[in-house]
Amino acid sequence: MADLKVDLTAPNGKKITLPTGLFINNEFVKSSSGDKITSINPTDESEICSVEAASADDIDKAVKAARAAFNDPSWRDLPATDRGALMYKFADLLEAHRETLATLETWDNGKPYSVAFNDDMGEVIGTLKYYAGWADKIHGETIPSTAQKFAYTLKQPIGVCAQIIPWNYPLAMAAWKLGPALACGNTIVLKPAEQTPVSILYLASLIPEVFPPGVINIVNGHGRVAGHALAAHMDVDKIAFTGSTFTGKQIMKTASINMKNITLETGGKSPLLVFDDADLEQAAKWAHIGIMSNQGQICTATSRVIVQEGIYDKFVEIFKKVVQETSKVGDPFHDDTFQGPQVTKAQYERVLSYIESGKSEGATLVSGGVPHKNVGDGKGFFVEPTIFTQVKEDMKIYREEIFGPFVVVASFKDEAEAIHMANDTTYGLGSAVFTSNIERAHRVAARIEAGMVWINSSNDSDFRIPFGGVKQSGIGRELGEAGLAAYSQTKAVHVNLGLRL
Ligand code: ADP
């Protein structure tokens with residue numbers, strides 16, 4: 001439809017024609033309800049554009065398209081090697097459009113352009129290629145049982161997969177979910193977050209060059225309408241979600257209607273432990289990366305720094321210096337910017353409200369704690385990187401996920417207390433341990449209740465390595481070989497060679 005497009009000029013001068021429809025069956029279509037989402041530039045609060053938002057009826061159309069594609073021989077019977085080749089082709093196409101995709105990502109989300117271009121797009125392309133390589137290496141096994149009988153297993157796709165993604169890494173989260181789902185031969189209905197609907201539409205416009213209609217459908221929409229409709233749909237076989245723990249629980253409940261296969265990657269309040277034998281400069285550097293990257297909007301952010309008593313003051317002094325010298329807040333399209341705006345006004349206000357909470361609970365504010373108003377004409381959702389010290393275990397800022405450039409620093413006496421404090425949370429996503437004692441590093445790593453432990457590092461993530469949480473941080477794993485388990489099922493075929501009972 002000719003009118004479902006908008007001509008845009010991005011803040012970096014790039015001219016982009018963006019489709020604005022719902023991407024169903026390789027076409028952009030209007031929403032049946034007329035509902036729209038308006039995307040806001042968090043840097044100056046201006047409007048970027050409006051895009052179509054899916055109703056429950058639109059979700060039904062997208063699911064039907066995905067089901068038809070799943071049953072179509074052009075996809076179902078495509079040799080796995082050819083499926084992998086399509087994925088490589090798609091990754092190459094995204095590489096060719098890397099600048100445009102990174103521009104839209106930065107404009108809509110607020111993350112620095114250098115990060116969107118190098119890190120996020122690198123992740124997108126790398127993940128798709130990694131899983132393209134897996135496509136023809138997914139196979140079952142043969143299991144002998146008696147002289148007359150054996151069984152073999154088939155690794156088969158799950159079917160129509162709904163994927164609900166968040167706004168902190170819109171393109172990268174899409175790639176984490178599309179990669180393994182496609183490699184295993186599923187078809188997909190993906191719903192981006194309403195805060196960041198733009199970059200994924202451009203990605204969608206490239207899909208018809210590679211994939212048959214209905215294999216990947218991308219529908220923007222509100223969580224309570226479109227997201228809920230996906231979770232509740234009787235013909236969706238699987239739901240994969242990344243977002244808040246609260247929403248993850250709701251989705252889990254809704255998805256029980258037809259017992260959907262489910263993977264969830266939810267919240268965190270990840271600890272970073274610094275023992276008194278650690279290299280404090282390195283610990284401070286990684287602690288900064290672990291919480292202040294991506295404007296602090298990372299589910300694995302090491303937002304609780306817990307430092308051994310004897311080195312507490314020294315660590316705080318070094319850490320504060322690193323944060324103040326490295327976290328340059330500014331326009332995300334400027335080369336020297338480390339930290340852009342928070343994604344939305346709601347997130348900005350949420351972070352500010354936790355600053356008030358920290359002050360009123362009696363923690364010590366040692367850096368930041370105020371909005372940053374020196375970008376452009378003073379608009380935008382910028383917050384100074386914030387450090388609270390002397391934080392106690394019963395404070396809200398110690399226990400709750402804030403999702404901003406906001407870190408608390410508490411202290412521990414000995415290893416036992418460090419482990420106790422690290423595990424004293426409902427979450428279990430990331431964790432970090434700084435020590436020069438190799439024995440202690442591995443001993444503590446084994447005891448921490450988390451899906452990932454970084455030894456003398458923080459927030460490493462790699463498409464070859466499994467990612468996910470324990471406790472209320474999620475169910476299942478993404479990335480690596482483990483990520484394939486979420487998108488395939490094992491069928492056992494029993495064979496009786498003897499034709500006897
Ligand atoms: P946040 O609180 O940071 O906005 P959410 O976890 O609510 O994060 O959102 C993550 C994703 O989940 C988004 O794509 C959003 O639209 C979707 N979502 C929100 N509520 C629901 C719901 N009730 N059912 C399904 N999806 C939802």
For the chain: relative contact order, % (alpha-carbon pairs under 8 angstrom, 6 or more apart): 17
Round to the nearest 0.05 the FRET efficiency obtained for GLU99 and LYS345 when R0 = 35 Å and r is the Cβ-Cβ distance. 0.80
A convex hull over the alpha carbons of the range 429-499 yields, per residue, a volume in Å³ of 151
The chain, accessible surface, carbon-and-sulfur percent (1.4 angstrom probe): 53
Amide H contacts under 5 Å for ALA151, placed H, 5+ residues apart: ILE143, SER145, VAL495
Shape call for the chain from the C-alpha gyration tensor, a ≥ b ≥ c root eigenvalues: rounded (a/c under 1.5), prolate (a/b greater than b/c) or oblate? oblate
Of GLY223, TYR202, LEU178, which is farthest along the charge dipole of the range 125-253 in the positive direction, counting Lys and Arg as +1 and Asp and Glu as -1 at C-beta? GLY223
Fully extended, how many nm does the chain gain between LEU206 and LYS314 (0.36 nm per residue separation, minus their Cα-Cα distance)? 33.7 nm
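Quick one: dipole size for the range 401-501, taken about the Cα centre, charges +1 on Lys/Arg Cβ and -1 on Asp/Glu Cβ, in debye to the nearest 20.
The dipole magnitude comes to about 540 debye.
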Solvent-accessible area per residue for the range 106-209 (1.4 angstrom probe, square angstrom): 28
Charge dipole of the chain built from unit charges on the beta carbon (Lys, Arg +1; Asp, Glu -1), centred at mean Cα; most positive-end Cα among ALA441, ASN258, THR187 is ASN258
Alpha-carbon radius of gyration plus Dmax, which is the widest Cα pair, for the range 271-461 in Å: 15.8, 53
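Tell me the relative contact order for the range 271-461 as a rounded percent, counting alpha carbon contacts under 8 Å between residues six or more apart.
Working: 378 pairs, mean separation 55.1, N = 191.
Relative contact order for the range 271-461 comes out at 29 percent.
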Tell me the label-point distance for the pair ASP3, GLU281, using the 7 Å Cα-to-Cβ offset, in nm and rounded to one decimal. 6.3
Collect residues whose amide H, placed 1.01 Å from N in the peptide plane, falls under 5 Å from the amide H of VAL383; neighbours closer than 5 in sequence don't count. GLN342, HIS372
If each residue of separation counts as 0.36 nm, what is the full-extension length gain between ASN456 and SER357 once their alpha-carbon separation is subtracted? 32.6 nm
Taking the Cα centroid of the range 166-205 and of the range 431-474, what is the distance between the two, rounded to the nearest whole Å? 27
Relative pair counts by distance (%), Cα atoms of the range 233-368, 5 Å bins: 2, 9, 13, 17, 17, 13, 11, 8, 6, 4, 2, 0
For the range 365-501, what ratio Rg/Rh do Cα atoms give with a Kirkwood hydrodynamic radius? 1.18
Rounded to the nearest 500 deg cm²/dmol, what is the calculated helix-only ellipticity per residue at 222 nm for the chain, with -39500 (n - 2.57) per DSSP H run of length n ≥ 4? -10500 deg cm²/dmol
Note to self: C-alpha centroids of the range 74-138 and the range 287-336 sit apart, in Å, by 30
Taking only the C-alpha atoms, wrap a convex hull around the range 1-64 and report its volume per residue in Å³ as a whole number. 98
Which length gain, in nm to one decimal place, applies between ASN12 and LYS253 when the Cα-Cα distance is subtracted from 0.36 nm times their residue separation? 82.4 nm
Let me see the P(r) profile for the range 335-376: every Cα-Cα distance counted, bins of 10 Å, each bin given as a percent of all pairs. 23, 49, 25, 3
In whole Hz, what ³J(HN,Hα) sequence does the range 234-240 give by Karplus (6.51, -1.76, 1.60; θ = phi - 60°), x for Gly and Pro? 6, 10, 9, 8, 8, 10, 10
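For a test of the definition: using alpha carbon positions, the gyration tensor, and the 1.5 limit on a/c, classify the range 137-284 as rounded, prolate or oblate.
oblate
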In Å², rounded to a whole number, the accessible area per residue of the range 271-461 with probe 1.4 Å is 40
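Could you compute the FRET efficiency for LYS36 and TYR88, with r as their C-beta to C-beta distance and R0 at 35 Å, rounded to 0.05?
Values: r = 35 Å, r/R0 = 1.00.
It comes to 0.50.
What's the magnitude of the charge dipole for the chain around its Cα centre, counting Lys and Arg as +1 and Asp and Glu as -1 at the beta-carbon? Answer in Debye, nearest 20.
With Lys and Arg at +1 and Asp and Glu at -1, about 1480 debye.
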Which of SER32, ALA68, PRO11 sits farthest toward the positive end of the charge dipole of the range 1-114, with +1 on the Cβ of Lys and Arg and -1 on the Cβ of Asp and Glu? ALA68
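The values are calculated or read from the model by the stated rules, or taken from the named source; none is laboratory data. Model, not experiment: these values are computed from the prediction. Positions of Cβ are generated from backbone atoms using ideal geometry, with glycine treated the same way; all protein chains shown enter the neighbour counts. Ligands, DNA and RNA are excluded from the accessible area calculation, which covers all protein heavy atoms including side chains. Shrake-Rupley method; radii C 1.70, N 1.55, O 1.52, S 1.80 Å.
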